[in-house]
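S.K.: Okay, handing you the structure first.
FYI, it's all coordinate maths here, none of it is from the lab. Everything numeric in this text was worked out from a predicted model, so none of it was measured. Using ideal geometry, Cβ is built from the backbone for each residue, glycine included, and neighbour counts are taken over all protein chains shown.
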Amino acid sequence: MRNRILGGLFGVAVGDALGGTTEFMSEAEIRLEYGWLEEIIGGGVWELEAGEITDDTAMTIAVARGILQNPGDPIEAIGEHFLRWRATNPKDIGNIIRTVFDLYDGSWSKAARLAGVLLGGKTAGNGTLMRCLPIALAYKEAAIMEEVTKRQSEMTHEDPLATEACLIYNRIAKRLLQGDQLTPAIRAEISGTRYEELLLNGGAPASLPDGFVVHTMQWVIHHLLTAESFAEVVQRAANGGGDSDTIGAIAGGLAGLYWGYDGILPKYSDKILLRQELMELGDALLAVRERGH
């Protein structure tokens, strides 16, 4: 279980750090600049250090810390850690989340609702999907895991498409933590949903790899169903461009759960600048899981 949990956290960070180099680039631009990117080198639009993470991992860490602070009812604690992160003046905050932060006056649900109005109802971004994995790691009881997953998504994104994707994602994560194989776990949770068509022919999605949560989830599922290793999952995400750091983080989280920390090449895991913090968080989340909530 420790190997899987650490694999999940490091999977998010590696996908984020690798994809951060190519975010907002097209596939053609990536080929011209890097050929096929497979090393964590930093740079990119955010001028990252090699191994530096972006908002995807930072908000994942905030969710984890909120759970650890108050596992019985973590939402307000998660919010506190969101605001602490914002106060560090991070390089990258998504538009929807930035809007919610600006509107927050003590009520996350009110801020999310107002952001929905201000943004013309366009709040189906991938900003809650990128951060939700620690909930599946900490809570092994399905009903609790799903309730917290739903509530954390609604803190910033009022659109049900965002909540739906988080629930599907963490249900897959739950199966992987129980030892299920990757393809059957995905198949079980996307059958009968809007993502079911991805099971039909294995072809790449017609959608762009952008920040719309449905498109993001399509690409995440595609990479997971067609890649044969953790490295291949995150490399495909990074070399696809678009919202590559977030797609890499989300796909990398499940890939890391499945292949485990031991299945992540040291050239990736050792490169992460927050490596020690992730190790400590993983052990703490495992302790919460073992105590049961």
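S.K.: Along the Cα→Cβ direction, 7 angstrom out, place labels at Asp262 and Asn89. What is the inter-label distance in nm?
M.R.: It is 4.5 nm.
S.K.: Moving on. So what is Rg over Rh here for the range 2-291, counting just Cα atoms and using Kirkwood for Rh? Numbers along the way, then the final one.
M.R.: Details: Rg = 17.1 Å, Rh = 18.4 Å.
Rg/Rh for the range 2-291 comes to 0.93.
S.K.: Once you have the Cα-Cα distance between Asn70 and Arg194, take 0.36 nm times their residue separation minus that, and quote the gain in nm to one decimal. Display every interim value, and only then the final one.
M.R.: Details: separation 124, 0.36 × 124 = 44.64 nm, distance 3.40 nm.
Separation in residues times 0.36 nm, less the Cα-Cα distance, equals 41.2 nm.
S.K.: Past the 27 Å Cα-Cα mark, which pairs from Lys110/Lys140; Lys91/Lys267; Lys91/Lys174?
M.R.: Working: Lys110/Lys140 30 Å; Lys91/Lys267 25 Å; Lys91/Lys174 32 Å.
Violating the 27 Å Cα-Cα cut-off are Lys110/Lys140; Lys91/Lys174.
S.K.: What area, in nm² and to one decimal, does the C-alpha convex hull of the range 139-226 cast on average over all directions? List each step's numbers first, then the result.
M.R.: Working: hull surface 23.2 nm².
Here the figure is 5.8 nm², rounded to one decimal.
S.K.: Moving on. Could you calculate the contour length gain from Glu49 to Glu141, that is, 0.36 nm times the residue separation minus the distance between their Cα atoms, to one decimal place in nm? Walk me through the intermediate numbers first.
M.R.: Numbers: separation 92, 0.36 × 92 = 33.12 nm, distance 3.84 nm.
Going from the current span to full extension adds 29.3 nm.
S.K.: Let me know the shape class of the range 184-276, please: from the alpha-carbon gyration tensor, a ≥ b ≥ c as square roots of the eigenvalues, rounded when a/c is under 1.5, otherwise prolate if a/b is greater than b/c, or oblate.
M.R.: Details: a/c = 2.18, a/b = 1.54, b/c = 1.42.
Verdict is prolate for the range 184-276.
S.K.: How far apart, in nm, are two points set 7 Å out from the Cα along the Cα-to-Cβ line at Glu39 and at Glu80?
M.R.: 4.3
S.K.: In what sequence do Leu161, Leu129, Leu119, Leu224 fall when counting other Cβ within 10 Å, fewest first? Don't skip to the answer; put the middle values down first.
M.R.: Details: Leu161 19, Leu129 30, Leu119 16, Leu224 22.
The order, fewest Cβ neighbours first, is Leu119, Leu161, Leu224, Leu129.
S.K.: Pairs of alpha-carbon atoms within less than 8 angstrom and 6+ residues apart define the contacts here; what relative contact order does the range 140-280 have, in percent?
M.R.: Averaging sequence separation for qualifying contacts and normalising by length gives 19 percent for the range 140-280.
S.K.: For Ala206 and Thr183, what does the FRET efficiency come to when R0 = 25 Å and r is the distance between their Cβ atoms, rounded to the nearest 0.05? Mind showing how you got there, number by number?
M.R.: Values: r = 21 Å, r/R0 = 0.86.
Calculated transfer efficiency: 0.70.
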